[in-house]
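S.K.: Take this structure first; my questions come after.
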Amino acid sequence: MTKIIFVKYGELNTKKGNIKFFIDALYKNIKQKLKDCNVTIDRNIARTYIELQEDNEQEVIKRLQQVFGIHSIVISNRVETDLDIIKEEALKTIKSRNINTFKVSTKRPFKSFPYESLEVNKKVGAHILANVSNISVDVHDPDYVLNIEIRRDYTYLYINEIKGLGGYPLGIQGKGILMLSGGIDSPVAGFLSMKRGIEIECLYFESPPHTSPEALNKVTKLCQILSKYSLSLKLHVVPFTKLQETIYKNVDPTYMITIMRRMMYRIAERFALENGAKVIISGDSIGQVASQTLASMMVIDSIVKIPIIRPIACFDKLEIIDIAKKIETYETSILPFEDCCTIFVPKHPVINPTEEKCVDNEKSLDFEELLTECIKNIRTIKIETGNNFNDLL
């Protein structure tokens, strides 16, 4: 008997002719995530198998739970595909637990095995009942389900499955630029984008002295948390002070936020195209604030040509907070350091802006030169998984 951790693919199984492409990408990501864990990794069209070479089961499972594309993680015992050996291993598995009721559930991908699934269930169940006292079979609501997968080379027995992140392997869809603020929403949008296979780089707009060093440190910490799911992240910091002050001095106050966001998206698009990104990712949630009404989104989106995706557009705030807590960004996001989206906010921002009035307001700005200056002076921080930024906060 050998202890094996294997991962189930879930959604990837729907890819039919392209499944090998997806499985190879997942294998590459798992291999990178476990590169210092002393394991042997193999994969086929059905599963990816991880054989432990030392006692590090919990660390391996923890890391696998941070890999997109995995439907579930299974700790199994691998034995030869022989009924007598299967029966003995099943008995050992049941004896090792405090069980009153159980059920045997067999899958038989190896169709040449001489016993059908129901026969295996009956024979294994009978062997357990004959050798364990005070135990019974319950096919409807058992304490444990003993799963048996009979394959050509080996058979796998297991009881528990650990839920994975699901989604697609990271990078399968190419790169996107995440508009990352210090709030609750944008880190969640980044996480959900990664879940659909998009590799992200983060773009943060700072406006010193109106924004503090603590605000940047907060965003750096958010990147470090997100990097658990991506191995590493790049945080690109845009010096936005001059452009933001110019907007504040020259634009109709009710349109300040709308014009500011149009400028941000112009910068994001140019930066994305220069860096091989296919989309801009935003943490907008429809109607949450004035700049996130459908009318506002329409005039903001009109100035860029590459797609803008909004993963949380139809989530309410409580749903977003729930995800933020699960991915452990929430406590950092609520730290009280303002970003440039929350300074200079007018009392009555327009909620139904028009393209015509946006263009009229922008005529008072020499914004092309300011945009170029912003992009030219972007600085990049590389965030590696495991870096400790607690001291920055």
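S.K.: Can you find a residue in the range 44-59 that is in contact with a strand residue (DSSP E or B) (Cβ under 9 Å, 6 or more places away or on another chain) and among the aromatic types (Phe, Trp, Tyr)? Reasoning before the result, please.
M.R.: Filtering the range 44-59 for residues in contact with a strand residue (DSSP E or B) (Cβ under 9 Å, 6 or more places away or on another chain) gives 46-54, 56-57.
Filter once more, keeping what is among the aromatic types (Phe, Trp, Tyr): 49.
Within the range 44-59, one or more residues are in contact with a strand residue (DSSP E or B) (Cβ under 9 Å, 6 or more places away or on another chain) and among the aromatic types (Phe, Trp, Tyr).
Residues are listed down the side, and each one gets a yes or a no for (1) surrounded by fewer than 13 Cβ atoms within 10 Å (Cβ to Cβ); (2) farther than 30 Å from residue 227 by Cβ:
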{"site": "305", "(1), (2)": "yes, no"}
{"site": "309", "(1), (2)": "no, no"}
{"site": "312", "(1), (2)": "no, no"}
{"site": "319", "(1), (2)": "no, no"}
{"site": "332", "(1), (2)": "no, no"}
{"site": "347", "(1), (2)": "yes, yes"}
{"site": "354", "(1), (2)": "no, yes"}
{"site": "358", "(1), (2)": "no, yes"}
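S.K.: Being in contact with a strand residue (DSSP E or B) (Cβ under 7 Å, 6 or more places away or on another chain) and either among the hydrophobic types (A, V, I, L, M, F, W, C) or in a helix (DSSP H, G or I) (or both) is the filter here, so list the residues in the range 239-261 that pass it.
M.R.: Passing the criteria: only 240.
S.K.: Right, another one. Provide a single number: the residues in the range 262-321 that are under 18 Å from the mean Cα position of the chain (by Cα), part of a helix (DSSP H, G or I) and among the β-branched types (Val, Ile, Thr).
M.R.: Number of matching residues: 2.
S.K.: So, one more: Pairs, please: C-beta under 9 Å, at least 6 apart or cross-chain, first residue among the polar types (S, T, N, Q) and in the range 33-48, second part of a loop (DSSP other than H, G, I, E, B) and surrounded by 12 or more Cβ atoms within 10 Å (Cβ to Cβ)?
M.R.: Close Cβ pairs (under 9 Å, with a partner that is part of a loop (DSSP other than H, G, I, E, B) and surrounded by 12 or more Cβ atoms within 10 Å (Cβ to Cβ)) amount to 38/56; 48/9; 48/70.
S.K.: State yes or no: is residue 30 in contact with a helix residue (DSSP H, G or I) (Cβ under 8 Å, 6 or more places away or on another chain), over 26 Å from residue 115 (Cα atoms) and modelled with pLDDT of 95 or more?
M.R.: The answer is yes for residue 30.
S.K.: Please determine, by comparing only the residues of the range 279-293 that are β-branched (Val, Ile, Thr) and more than 16 Å from residue 188 (Cα to Cα), which one is modelled with the highest pLDDT.
M.R.: 279
S.K.: Being touching a strand residue (DSSP E or B) at 6+ places or on another chain (Cβ under 7 Å) and surrounded by 19 or more Cβ atoms within 10 Å (Cβ to Cβ) is the filter here, so list the residues in the range 172-196 that pass it.
M.R.: Selection gives 176, 177, 178, 179, 180, 186, 189, 190, 193, 194.
S.K.: Suppose we filter the range 89-128 for residues that are out of contact with any Asp or Glu (no Cβ under 8 Å at 6 or more places or on another chain) and either in the same structural domain as residue 4 (by TED's automatic domain parsing) or hydrophobic (A, V, I, L, M, F, W, C) (or both); how many remain?
M.R.: Looking only at that region, the number is 11.
S.K.: Sticking with this one: Select from the range 348-365 the residues that are assigned to a loop (DSSP other than H, G, I, E, B) and touching a residue at least 24 places away in the same chain (Cβ under 8 Å) and list them in ascending order.
M.R.: Across the range 348-365, the qualifying residues are 348, 349, 350, 351, 352, 353, 354, 364, 365.
S.K.: While we're looking at this one, here's another question. So which residues in the range 227-261 are at pLDDT below 95, aliphatic (A, V, I, L, M) and under 25 Å from the mean Cα position of the chain (by Cα), if there are any at all?
M.R.: 231, 233
S.K.: Please count how many residues of the range 96-120 are among the charged types (D, E, K, R) and assigned to a helix (DSSP H, G or I).
M.R.: So the answer is 1.
S.K.: Looking at the range 273-299 only, could you name the residues that are of a type in the set (A, V, I, L, M, F, W, C), surrounded by 23 or more Cβ atoms within 10 Å (Cβ to Cβ) and out of contact with any helix residue (DSSP H, G or I) (no Cβ under 6 Å at 6 or more places or on another chain)?
M.R.: 277 - this is the single residue of the range 273-299 that is of a type in the set (A, V, I, L, M, F, W, C), surrounded by 23 or more Cβ atoms within 10 Å (Cβ to Cβ) and out of contact with any helix residue (DSSP H, G or I) (no Cβ under 6 Å at 6 or more places or on another chain).
S.K.: Any idea how many residues of the range 154-198 are farther than 24 Å from residue 262 by Cβ, over 10 Å from the mean Cα position of the chain (by Cα) and either part of a strand (DSSP E or B) or not polar (S, T, N, Q) (or both)?
M.R.: Looking only at that region, the number is 13.
S.K.: While we're here: Say whether the condition of being under 28 Å from residue 244 (Cα atoms) and of a type in the set (D, E, K, R) is met by at least one residue in the range 336-343.
M.R.: Yes, there is a match, as at least one residue in the range 336-343 is under 28 Å from residue 244 (Cα atoms) and of a type in the set (D, E, K, R).
The values are calculated or read from the model by the stated rules, or taken from the named source; none is laboratory data. Bear in mind that the values here come from a model prediction, so they are computed numbers and not experimental data. Reconstructed Cβ throughout: ideal geometry from the backbone, glycine too, with neighbour counts over all protein chains shown.
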